[in-house]
Amino acid sequence: CKWRVLVILDDFVSYLNVHGGALGKSFDRLATQGRHRGVSCWYLTQRFNKVSPTIRDNALAWLLTPRVPQAAIREIAGYQSKYSSWQAFWAAYSRHSRTPYAITSISCDPTQPPVGFHPPARSLAGAL
């Protein structure tokens with residue numbers, strides 16, 4: 001029986017210096033080697049620029065909520081392939097994120113759609 005583990009690190013960059021030291025290296029190692037050992041990680045943060053490049057480059061997907069700052073969108077846009085410029089991505093994201101609790105997904109997996117815009121879960125509640 002192979003175990004599967006999900007590790008959720010909520011707002012981890014607010015409390016730690018993750019770019020250096022033993023703890024930062026541990027998070028990087030988890031991002032690069034965890035999947036080979038059945039460990040998946042969800043890194044939750046409001047500060048994209050504080051996440052180490054190793055973690056960013058090993059992500060399979062990004063989920064964005066409304067109100068991501070434009071400066072962060074400039075960086076995040078480089079991880080998607082649907083829009084040719086960060087400005088085009090920003091325009092689409094801005095239109096979609098006017099709805100509270102809407103989610104924008106960016107897949108780094110070439111077998112998946114590159115960008116998805118998802119309505120808030122509460123608008124789906126009536127369909128259940």
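The values are calculated or read from the model by the stated rules, or taken from the named source; none is laboratory data. Every value quoted in this text rests on a predicted model; they were computed, and no experiment measured them. Cβ coordinates were reconstructed from backbone atoms using ideal geometry, including for glycine residues, and neighbour counts include every protein chain displayed. Side chains are part of the model used for accessible areas, which takes the heavy atoms of the whole protein and leaves out ligands, DNA and RNA. Shrake-Rupley method; radii C 1.70, N 1.55, O 1.52, S 1.80 Å.
Residue count for segment 108-128 satisfying the condition of being modelled with pLDDT under 70 and either of a type in the set (Ser, Thr, Tyr) or within 18 Å of the chain's Cα centre (by Cα) (or both): 1.
Only one of the listed residues (Arg56, Arg4) is modelled with pLDDT of 85 or more and under 29 Å from Pro100 (Cβ atoms). That residue is Arg56.
Residues of segment 29-70 that are open to solvent by 70 Å² or more (accessible area, probe 1.4 Å), touching a Cys at 6+ places or on another chain (Cβ under 9 Å) and of a type outside the set (D, E, K, R): Leu60 alone. Whenever a residue of segment 29-51 is touching a residue at least 12 places away in the same chain (Cβ under 8 Å) and hydroxyl-bearing (Ser, Thr, Tyr), its partners that are open to solvent by 100 Å² or more (accessible area, probe 1.4 Å) and not in a helix (DSSP H, G or I), lying with C-beta atoms within less than 9 angstrom and at least six residues away or across chains, give the pairs Ser40/Arg4; Ser40/Leu60; Tyr43/Asp10; Thr45/Asp10.
The conditions of being at pLDDT 90 or above and open to solvent by 40 Å² or more (accessible area, probe 1.4 Å) are met by Lys82. Checking each residue in segment 16-26 for being surrounded by 13 or more Cβ atoms within 10 Å (Cβ to Cβ) and either small (Gly, Ala, Ser) or at pLDDT 85 or above (or both) picks out only Gly24.
Filter segment 93-109 down to the residues that are loosely packed, with under 15 Cβ neighbours inside 10 Å and either in contact (Cβ under 8 Å) with a residue 60 or more places away in the chain or not charged (D, E, K, R) (or both) and list them by number. Residues satisfying the conditions are Ser94, Thr99, Pro100, Tyr101.
Arg74 meets all of the listed conditions (1) open to solvent by 70 Å² or more (accessible area, probe 1.4 Å); (2) under 12 Å from the mean Cα position of the chain (by Cα) but one, namely (2).
Figure legend. Inter-residue proximity from segment 72-84: first residues more than 19 Å from Gln112 (Cβ to Cβ), second residues surrounded by 14 or more Cβ atoms within 10 Å (Cβ to Cβ), beta-carbon distance below 8 Å, spacing 6+ or different chains. Indicated pairs: Ala72/Phe48; Ile73/Trp86; Ile73/Phe89; Ile73/Trp90; Ile73/Tyr93; Arg74/Trp86; Arg74/Trp90; Glu75/Phe48.
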